[in-house]
1. Just a yes or no: is a residue in the range 9-17 modelled with pLDDT of 95 or more, charged (D, E, K, R) and either in contact with a Leu (Cβ under 7 Å, 6 or more places away or on another chain) or open to solvent by less than 40 Å² (accessible area, probe 1.4 Å) (or both)?
2. Is it true that some residue in the range 42-63 is open to solvent by 30 Å² or more (accessible area, probe 1.4 Å) and among the aliphatic types (A, V, I, L, M)?
3. Please verify whether Asp68 is in contact with a strand residue (DSSP E or B) (Cβ under 7 Å, 6 or more places away or on another chain) and either over 19 Å from Ala104 (Cα atoms) or part of a helix (DSSP H, G or I) (or both), treating the condition exactly as stated.
4. I need the full set of residues from the range 122-132 which are more than 18 Å from the chain's Cα centre (by Cα) and part of a helix (DSSP H, G or I), in order please.
5. Of all the residues that make up the range 133-170, how many are open to solvent by 30 Å² or more (accessible area, probe 1.4 Å), of a type in the set (Gly, Ala, Ser) and either in contact with a His (Cβ under 9 Å, 6 or more places away or on another chain) or not in a loop (DSSP other than H, G, I, E, B) (or both)?
6. For the condition assigned to a helix (DSSP H, G or I) and in contact (Cβ under 8 Å) with a residue 60 or more places away in the chain, what is the one hit in Val54, Val29?
7. So Ala82 fits all but one of (1) open to solvent by 40 Å² or more (accessible area, probe 1.4 Å); (2) part of a helix (DSSP H, G or I); what number is the exception?
8. Yes or no: Arg92 within 14 Å of Gly56 (Cα to Cα), in a helix (DSSP H, G or I) and open to solvent by 10 Å² or more (accessible area, probe 1.4 Å)?
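The values are calculated or read from the model by the stated rules, or taken from the named source; none is laboratory data. Just so it is clear, the model here is predicted, and its values are computed rather than measured. Glycine also receives a Cβ, built like all others from the backbone with ideal geometry; neighbour counts cover every protein chain displayed. Just so you know, the surface numbers come from the protein's heavy atoms only, side chains and all, with ligands and any DNA or RNA stripped out. Shrake-Rupley method; radii C 1.70, N 1.55, O 1.52, S 1.80 Å.
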Amino acid sequence: MINALQIIDHFYPVESPLKTLLLKHSMQVRDKALAILDNCQEETRVRIDRETVVIGALLHDIGIRECDAPSIECHGKQNYIAHGTIGAEMLRRYGSDQGVDLEAFARICERHTGSGLTAKEIRQQCLPIPEQDYLPETLEEKLVCLADKFFSKSGSMKEKDIDRVRKSMMKYGTDTIERFDAMCALFNI
C-alpha cells in the first residue's frame with residue numbers, strides 16, 4: 001500500500017510553515033473529495049477507487065516546494081503554474097527509485113490545475129509548462145481537480161462556496177468554466 005504521508009515526508013523532511021500549509025490544504029482537498037464522492041450518484045461512486053482519491057488528494061500539490069510563491073511559503077525558482085507538472089515528475093522519479101507505480105498520482109498532479117489545461121491554452125497564455133493537454137480524464141482525476149477548487153492555500157483557507165468558485169473560474173474563459181461545470185454535473189454538485 002502506498003503511504004502518501006511517507007512520500008510527503010521524503011520531499012518535505014523538516015517541519016516548516018510550507019509543510020504545514022501543504023498538509024492542511026491537501027487534507028482539506030481529501031476531505032472535500034470524499035464528501036463529494038459520498039454524495040454523488042451510486043452509479044458514479046462505485047466506479048471510483050477511493051484509495052486513489054485519498055492518496056491523489058494528499059499528493060496533488062507536492063511540487064509546490066519548487067515554485068516561487070512567497071505568500072504561501074514557497075521559495076523555489078519555478079513559476080507556480082508549473083507545480084503540477086513538477087509534482088508529477090517528482091512522483092515518477094520517486095516511484096521509479098522505490099519500485100512502485102505512482103503514475104495515477106502523477107497524473108492527478110499534472111491535471112488538477114484550473115479545470116485542466118489544454119495545449120492551446122498553454123500556448124495562448126504562454127504558460128511555462130510543456131505544451132500538451134493536461135485535462136483530467138479518469139473519475140479520480142476529475143474528483144481531485146474539482147475538490148481542489150474549493151480551497152486556496154492563501155488567506156483564511158476556508159472552504160469557498162460554489163458561486164465563489166465559479167466566479168474565480170470564469171476569468172479563465174468559457175472553456176475552463178464549461179469543464180468545471182461538467183465536473184460539477186458529473187458529481188451532482
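1. No.
2. yes
3. Working: in contact with a strand residue (DSSP E or B) (Cβ under 7 Å, 6 or more places away or on another chain): yes; either over 19 Å from Ala104 (Cα atoms) or part of a helix (DSSP H, G or I) (or both): yes.
The answer is yes for Asp68.
4. Just the residues of the range 122-132 that are more than 18 Å from the chain's Cα centre (by Cα), to begin with: 123-126, 131.
Hits for the range 122-132 are Arg123, Gln124.
5. Matching residues across the range 133-170 total 2.
6. On the way: Val54 fails: in contact (Cβ under 8 Å) with a residue 60 or more places away in the chain.
When all the criteria are applied, what remains is Val29.
7. (1)
8. Details: within 14 Å of Gly56 (Cα to Cα): yes; in a helix (DSSP H, G or I): yes; open to solvent by 10 Å² or more (accessible area, probe 1.4 Å): yes.
So Arg92 fits the description; yes.
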